[in-house]
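To keep things clear, I will list the structure first and then write my remarks on it.
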Amino acid sequence: MGAEGQAALRERPGADLLLLEEFDVVQARLGLAGDPGKTAHAAYALEMCDRLCPPRHAEPAAFDWLREFLLRLEPGRASAERLRVFELGLLGRLGLGPALDRCAICGRSDLGEQNARWNPDQGGVQCASCAHRGDILTAQTRRALARLARMSLVDSESVTLDRETNAGCRRAILGLVRAHIVGPLRSLDFIEKMGGGR
């Protein structure tokens, strides 16, 4: 799983999918196959890229981010913190990153210890004055999301989220992802079954 290489593709008249004529493997990620948690995280990262990146449009920043995620995942362990950083980093690189440290509507940045509303359809966090709907996002979860969004994948390896904060971050990020895709992410079921540090 997770082989990287160079592909030769050919257009087919009237077809949406390109025909794969040749694939030369440059790097095989053999360290992912023997660990169910790492396999689940890799499958999710690949599916996110597939579903969020527009078809037939090169996204070099997203590809480099995915490559680095897989490189760090292969020798290490599957961690929820690295996955959160990957999710937020991918969304940011695709221009879909949410407002986290200020209100997406009025720009207010002095949210402090206040809970806010999370509204992915409106760009992220909303202050009490602007929010008319959306899930409650605790100040702790909001601060964690903002910190994770600024992190590199290297930094993610020295961070630990408690269960409640991770669950809040996960819900918020999945709400944002679902605002940009149609249908379910099948790899999420795989992660739950494997207990892959989600």
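The values are calculated or read from the model by the stated rules, or taken from the named source; none is laboratory data. Fair warning: this is a prediction, and the values are worked out from it, not measured in the lab. Positions of Cβ are backbone-derived with ideal geometry, glycine not excepted, and every protein chain shown enters the neighbour counts.
Note on the stretch 123-138: residues that are under 13 Å from A172 (Cβ atoms) and either in contact with a His (Cβ under 9 Å, 6 or more places away or on another chain) or of a type outside the set (D, E, K, R) (or both) total 8.
Kindly evaluate R77 against the criterion of being farther than 22 Å from T39 by Cα, in contact (Cβ under 8 Å) with a residue 12 or more places away in the chain, basic (K, R) and surrounded by fewer than 15 Cβ atoms within 10 Å (Cβ to Cβ). If you could, list the steps in order and put the result at the bottom.
Numbers: farther than 22 Å from T39 by Cα: no; in contact (Cβ under 8 Å) with a residue 12 or more places away in the chain: yes; basic (K, R): yes; surrounded by fewer than 15 Cβ atoms within 10 Å (Cβ to Cβ): yes.
Spelling it out, it is not the case that R77 is farther than 22 Å from T39 by Cα, in contact (Cβ under 8 Å) with a residue 12 or more places away in the chain, basic (K, R) and surrounded by fewer than 15 Cβ atoms within 10 Å (Cβ to Cβ).
As for the stretch 66-82, it holds at least one residue that is assigned to a loop (DSSP other than H, G, I, E, B), of a type in the set (S, T, N, Q) and over 29 Å from H132 (Cα atoms). I'd like the residue in the stretch 137-162 that is under 17 Å from the mean Cα position of the chain (by Cα) and basic (K, R) and, out of all such residues, is nearest to L91 (Cα to Cα). The selected residue is R150. Residue count for the stretch 117-145 satisfying the condition of being of a type outside the set (F, W, Y) and closer than 18 Å to R84 by Cβ: 13.
Using the structure shown, decide if A61 is surrounded by fewer than 19 Cβ atoms within 10 Å (Cβ to Cβ), without any contact (Cβ under 8 Å) to a residue 60 or more places away in the chain and under 14 Å from the mean Cα position of the chain (by Cα). Before the answer, list the steps.
Numbers: surrounded by fewer than 19 Cβ atoms within 10 Å (Cβ to Cβ): yes; without any contact (Cβ under 8 Å) to a residue 60 or more places away in the chain: yes; under 14 Å from the mean Cα position of the chain (by Cα): yes.
So A61 fits the description; yes.
Would you tally the residues in the stretch 16-36 being touching a Lys or Arg at 6+ places or on another chain (Cβ under 7 Å) and either not in a strand (DSSP E or B) or not aliphatic (A, V, I, L, M) (or both)? Write out each step before concluding.
First, the residues of the stretch 16-36 that are touching a Lys or Arg at 6+ places or on another chain (Cβ under 7 Å): 18-19, 21, 32.
Adding the requirement that they be either not in a strand (DSSP E or B) or not aliphatic (A, V, I, L, M) (or both) leaves 18, 21, 32.
Matching residues across the stretch 16-36 total 3.
Candidates in the stretch 93-122 are the residues that are small (G, A, S) and within 28 Å of P60 (Cα to Cα); of these, the one that is surrounded by the most Cβ atoms within 10 Å (Cβ to Cβ) is A104.
On the stretch given as the stretch 81-122, residues that are touching a residue at least 60 places away in the same chain (Cβ under 8 Å) and touching a strand residue (DSSP E or B) at 6+ places or on another chain (Cβ under 9 Å) total 1. The lone criterion from (1) touching a helix residue (DSSP H, G or I) at 6+ places or on another chain (Cβ under 8 Å); (2) among the charged types (D, E, K, R); (3) surrounded by 16 or more Cβ atoms within 10 Å (Cβ to Cβ) left unmet by E4 is number (3).
Within 20 Å of C169 (Cα to Cα) and either modelled with pLDDT of 80 or more or not in a helix (DSSP H, G or I) (or both) - does that describe any residue in the stretch 2-15? No - not one qualifying residue is present in the stretch 2-15.
Any residue at all in the stretch 25-44 that is in contact with a Leu (Cβ under 7 Å, 6 or more places away or on another chain), farther than 20 Å from R186 by Cα and either surrounded by 13 or more Cβ atoms within 10 Å (Cβ to Cβ) or modelled with pLDDT of 80 or more (or both)? I'd like the intermediate steps shown before the answer.
First, the residues of the stretch 25-44 that are in contact with a Leu (Cβ under 7 Å, 6 or more places away or on another chain): 29, 32, 38-39, 41-42, 44.
Add one more test, that the residue is farther than 20 Å from R186 by Cα, and what stays is 29.
With either surrounded by 13 or more Cβ atoms within 10 Å (Cβ to Cβ) or modelled with pLDDT of 80 or more (or both) added as a condition, the list becomes 29.
Yes, some residue in the stretch 25-44 is in contact with a Leu (Cβ under 7 Å, 6 or more places away or on another chain), farther than 20 Å from R186 by Cα and either surrounded by 13 or more Cβ atoms within 10 Å (Cβ to Cβ) or modelled with pLDDT of 80 or more (or both).
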